[in-house]
Structure formats: C-alpha cells, structure tokens
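No lab work stands behind these numbers, since they all come straight from the coordinates. On a predicted model such as this, the values are computed, not experimentally measured, just so you know. All Cβ positions, glycine included, derive from the backbone under ideal geometry; neighbour counts span all protein chains shown.
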Amino acid sequence: MLQYTRRAAFTLVEILIVVVILGILAAMVVPQLTNAAQDAASTSTFSELQKIRRHISMYRSRNSDRLPVVEEDDGAWGALIGVDHLLSAPVNAWVGGENSRVIVFGDAPDTEYHRDYGWIFDPVSGEVWAGGFDENDQPFAR
C-alpha cells in the first residue's frame, strides 16, 4: 500500500495573488519616489546656493569688501574653493548632469528651467543665483 505524504506549499493561485498585490503597491510608491527625488534635488541646490552666498559674504568681510575672482567655467570659484571656504565646487542638482557646476556671468536670475549651467554670478555686485531657479530662489518646473 502506497502512502502519500502531503507537503505544505503555496499554490500557483496564491503566488499570483501576492504578485498582483506587490504590483499594485509598487505602482502606488513609484510616483512618490519620483517626487522625493525632485524635492531632494531642489533642496540640495537651495542649500548649496545659501552656502555660496555665505562664503562670498565671508570673503568680502575678510578682504576689504573685495569680491573673489570667479571665472565663467566649470566650477571656477577661485579663492572660495579651499580650506577657509568651500572644500569643493558646489553642484546644482536641479540642473544636474555635466553642466551642474558651470558658472556664467549675469545680472539676474533665470526666467525658465534649463540644463545649460548651474550658477549665475554677477561679478559687479557679487550676487549669485542657482540656474533653473527664479528671483525668489524657487525652482522652475522641469
């Protein structure tokens, strides 16, 4: 006489139900993660902007109200990069990509989103703005 032993296991239907539930949960979470990534890029860029402004102000107060020599280039903040100020060139995460450290000269903030440069520096006034941000330091929609 053959004796069958029954093993405890999941059926195919039970596994499919779990997969469907996980798919539904993933569909709900993915858009929230996208928003979280954009919020992080915006917040990071604003933080870097505030840091640059503080260090320019510090530089001016230590150097008889003179501005640091900044060049239109990929992260060429001159004397602001070093032990006394910024350890490395700031990154504009909102612009992102290879142009996130690029500095251009200008006398006003951006009027729309772009990916051409990360920072706008006014060599006359010492003002600095983040690329892709408006006059109120708010990011333009991507």
- Item | Farthest toward positive dipole pole in the chain [+1 Lys/Arg, -1 Asp/Glu at C-beta], among 46, 13, 59 | 13
- Query: Against the longest principal axis of the chain, how steep is helix 12-62, in degrees 0 to 90 to the nearest 10, with axes from Cα atoms?
  - Reply: 10
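Express the relative contact order of the chain as a whole percentage, based on alpha carbon pairs under 8 Å and six or more residues apart in sequence.
On the way: 201 pairs, mean separation 24.1, N = 142.
Relative contact order comes out at 17 percent.
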- Query: Pick the calculated Cα Rg over 2.2 N^0.38 Å for this structure from (1) 1.21; (2) 1.16; (3) 1.76?
  - Reply: (3)
- Note on the structure: Amide H proximity to residue 140 below 5 Å, modelled H, separation 5+ or other chain, gives 133, 134
- Message: On a full-extension model of 0.36 nm per residue, what is the gain between residue 13 and residue 47, subtracting their alpha-carbon distance, rounded to one decimal in nm?
- Response: 7.2 nm
- Take the alpha carbon atoms of the stretch 106-142, find their center, do the same for the stretch 40-77, and report the distance between the two centers in whole angstrom. 13
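Taking the Cα centre as origin and putting +1 on Lys and Arg beta-carbons and -1 on Asp and Glu beta-carbons, what dipole magnitude results for the chain, to the nearest 20 debye?
Working: 11 positive and 19 negative charges, 209 e Å.
With only Lys, Arg, Asp and Glu charged at Cβ, the dipole is about 1000 debye.
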